[in-house]
Structures are given as C-alpha cells and as structure tokens.
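Okay, so here's the structure we're looking at.
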C-alpha cells in the first residue's frame, strides 16, 4: 500500500486505492474519495496472544491495552475501526 501512495505523491498515477491507515498518515497530501462500504469487506486486524509466548503476562497486558478505550483512540487515529 505504501508504494501505491508514493506513485500518487510522485505524480506517476492520478489515483489509487489505499488503506484507511494509509490515508490517516497522509491526510495533508491527498484527497480522498470514499468507497461505499457495501462495495467491500472491511479488513480485520486481530490482536492475539500466542500459546508459545514466553512472557504471557506482558503479552496479555499489551493486548488488553490495544483494546482499551485509549488503545481504540490510537487505532482510530490511524484509520482503523473497532470490530462490532
């Protein structure tokens, strides 16, 4: 996705489809035409703790932080929405 955004920034193409996170970090450089939500399936980015983890307590605390109110604000800032 980053490469596609670079093509637009360099003037190599007139338009491209990039992720919401790509848009979020480049808002000042591009114009956005949203794609209707019924035209695609939203991407899910799961947070998991692996069974083979060496420090389960830290991993679970990190996963919990990512799904906290504060963590969701960060996800949203980068174009991600919480799952329903």
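Pairing residues of segment 31-46 that are on the phi < 0 side of the Ramachandran plot with residues that are exposed (fewer than 10 other Cβ atoms within 10 Å of the Cβ) and in a loop (DSSP other than H, G, I, E, B), at Cβ distances under 8 Å and at least 6 apart in sequence or on separate chains, gives 44/83. Please verify whether residue 45 is surrounded by fewer than 12 Cβ atoms within 10 Å (Cβ to Cβ) and under 11 Å from the mean Cα position of the chain (by Cα), treating the condition exactly as stated. Against the criterion (surrounded by fewer than 12 Cβ atoms within 10 Å (Cβ to Cβ) and under 11 Å from the mean Cα position of the chain (by Cα)), residue 45 qualifies. Looking at segment 2-20, which of its residues are in contact with a helix residue (DSSP H, G or I) (Cβ under 9 Å, 6 or more places away or on another chain) and either loosely packed, with under 10 Cβ neighbours inside 10 Å or within 25 Å of residue 67 (Cα to Cα) (or both)? Passing the criteria: 14, 18.
Within segment 73-80, the presence of a residue that is without any contact (Cβ under 8 Å) to a residue 24 or more places away in the chain, assigned to a loop (DSSP other than H, G, I, E, B), surrounded by 14 or more Cβ atoms within 10 Å (Cβ to Cβ) and touching a helix residue (DSSP H, G or I) at 6+ places or on another chain (Cβ under 8 Å) is excluded.
Taken together, the values in this text are just the output of simple stated rules run on the coordinates, not laboratory data. As the structure is a computational prediction, the values presented were derived from the model and not from experiment. As a convention, Cβ positions derive from the backbone with ideal geometry for all residues, glycine included, and neighbour counts pool all protein chains shown.
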